[in-house]
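The values are calculated or read from the model by the stated rules, or taken from the named source; none is laboratory data. It should be emphasised that the depicted structure is a prediction, and the values quoted were computed from it without experimental measurement. Cβ sites come from the backbone with ideal geometry, for glycine too, and all protein chains shown count toward neighbours. Note: accessible area is taken over every heavy atom of the protein model, side chains too, but ligands, DNA and RNA are not part of it. Shrake-Rupley method; radii C 1.70, N 1.55, O 1.52, S 1.80 Å.
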Amino acid sequence: MKYSNPEIPEGINTSTQHPLKEFFLLTGGILGTVLAVVVVLTLLADQLAVYIPFELEMELATRVTDEVPAAESESPQIEIYLNGLADKIAAEQALPPEMQITVHYVDDDLVNAFATLGGHLFMFRGLLETLPHENAVAMVLAHEIAHIKHRHPIRSMGRGIIFGLAIGMVSSTLGNAMTDQVLANTGGLTVLKFNRDQESEADQTALNSLYQLYGHVEGADALFEVLERVSGDDQLQMPEFFSTHPLSENRINNIHSFQTEYSAVENRTTMPLPEGYATWLVSAPKK
Amino acid sequence: MVDLIVFLVLLALGYGFGRYAELKHYKSIIQREEEFRDIPVVTTKFPPLTKPLSDVALVSGSVVISVDYFKRFIAGLRNLIGGRVTAYESLVDRARREAILRMKEEARAFGGHIIFNVKLETSSIHKGRKNGIGAVEVMAYGTVLIKQ
């Protein structure tokens, strides 16, 4: 046996490919994939928002703690009444069990009400004072609860929030920083604007639940009648409610046609407001 | 933005120095392999019987080579999609050949003419340390037959 020591050919155990080629292929491929995911996420943001778990939405809402008061320790009677009514409406709208509706009463002259992230509804004294009967209050509540049901608040937060939450799955610190940035950029929760389609969708759901609750929809338009009377023809005097709830001819027509559709129902009496309603509004503690 | 610049500078430094060192090292390896070609290295367990009985000795050579930032980055990307980690292949190849060369150098100092029962051990230094740039150690050892 002869022992030799031949020259080892190069490139068997190593690659002869230039390392920069691999570098560009890898970074290009991975960046391209990330970019594609981002594009798909932003394109489908509105559809995907529905799939964000409601718990996550509630957690987002608590991050803006200065705007969402913690659960009331000493709930004034008006909040007890509104929450009770809201629970009844929520049951009619078949809200999933994790969707907890919390109604907050705001002692302010603003004629306004709005729904925001995490199932929080805000009802202003200015609006509640103008409502003539319980059906009108229920209509406002049902409308706002319908916004929650259809996930309008998180959808109106836009693409940024979807993107931030998606990133949060990979890197929680980066994702949280991003969602906080989005929350900060939107200027808080009170300025969430819903579009006209969303308003109509909420109206429709609200009217249905009102019908289920009372057997008729009498008084559903009381809110608009009252508001129109208050504002008169003066555009400058438009109640705040109209700026947060863009009102189109279509919307009112829809409500009216829904009402005429069910006008045959007998016993269309509206429920009076509970006794002491007016005093609850006044005596509620200032916040 | 600052982070990105720091990262790119590290990447460029890693590539520049790493590539320079690797090319230089391969040049030296190929040249010395030629130089030590007269000492065969075999893995048989027993000494070749054709040689006259002679003294034997243990010889070894070991080398530690560090990964550079660029290689580590590429390997990290490779981790995501799988495949040949060519960045590390050349690193380990260099380390093995260098270890054998050092072993041969020792054998020549003994006046050896063949090394048999050669074994290679590879271990990684910094293993499991997060964000630490690792290094590879390769040790070659065998039994040298010494000319009388």
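Is it true that B:Ala12 is more than 22 Å from B:Ala109 (Cβ to Cβ) and within 25 Å of the chain's Cα centre (by Cα)?
When the stated conditions are applied, B:Ala12 passes them.
So which residues in the stretch A:19-33 are open to solvent by less than 80 Å² (accessible area, probe 1.4 Å) and more than 7 Å from every other protein chain (Cβ to nearest Cβ)?
Correct list: A:Leu20, A:Gly28, A:Gly29, A:Gly32.
Just the residues that are among the small types (Gly, Ala, Ser) and within 24 Å of A:Val217 (Cα to Cα), please, taken from the stretch A:95-140.
A:Ala113, A:Ala115, A:Gly126, A:Ala136, A:Ala138
Given (1) without any contact (Cβ under 8 Å) to a residue 40 or more places away in the chain; (2) of a type in the set (Phe, Trp, Tyr); (3) buried (at least 17 other Cβ atoms within 10 Å of the Cβ), identify the lone condition not met by B:Tyr15.
Of everything listed in (1) without any contact (Cβ under 8 Å) to a residue 40 or more places away in the chain; (2) of a type in the set (Phe, Trp, Tyr); (3) buried (at least 17 other Cβ atoms within 10 Å of the Cβ), B:Tyr15 misses just condition (1).
Given the criteria among the small types (Gly, Ala, Ser), open to solvent by 50 Å² or more (accessible area, probe 1.4 Å) and either in contact with a strand residue (DSSP E or B) (Cβ under 8 Å, 6 or more places away or on another chain) or farther than 30 Å from A:Ala177 by Cα (or both), does A:Ala142 qualify?
no
Within the stretch B:82-114, work out how many residues are at the interface with chain A (Cβ under 10 Å from one of its Cβ atoms) and under 23 Å from B:Gln148 (Cα atoms).
Total satisfying the criteria: 3.
Six or more apart or on different chains, Cβ atoms under 9 Å: show the pairs whose first residue is in the stretch A:13-38 and farther than 30 Å from A:Gly164 by Cα and at pLDDT below 90 and whose second is open to solvent by 80 Å² or more (accessible area, probe 1.4 Å) and not basic (Lys, Arg).
Within 9 Å, the pairs are A:Thr16/A:Glu10.
For the stretch B:71-107, which residues satisfy the criterion of being buried (at least 16 other Cβ atoms within 10 Å of the Cβ), under 21 Å from the mean Cα position of the chain (by Cα) and of a type in the set (D, E, K, R)?
B:Lys71, B:Arg72, B:Asp93, B:Arg94, B:Arg96, B:Arg97, B:Glu98, B:Arg102, B:Lys104, B:Glu106
If we scan the stretch A:82-93, do we find a residue that is part of a loop (DSSP other than H, G, I, E, B), open to solvent by less than 60 Å² (accessible area, probe 1.4 Å) and modelled with pLDDT of 85 or more?
Yes, the stretch A:82-93 contains a residue that is part of a loop (DSSP other than H, G, I, E, B), open to solvent by less than 60 Å² (accessible area, probe 1.4 Å) and modelled with pLDDT of 85 or more.
Residues to consider are B:Leu4, B:Leu49; find the one that is part of a loop (DSSP other than H, G, I, E, B), surrounded by fewer than 15 Cβ atoms within 10 Å (Cβ to Cβ) and either at pLDDT below 90 or under 14 Å from the mean Cα position of the chain (by Cα) (or both).
Exactly one residue qualifies, and that residue is B:Leu49.
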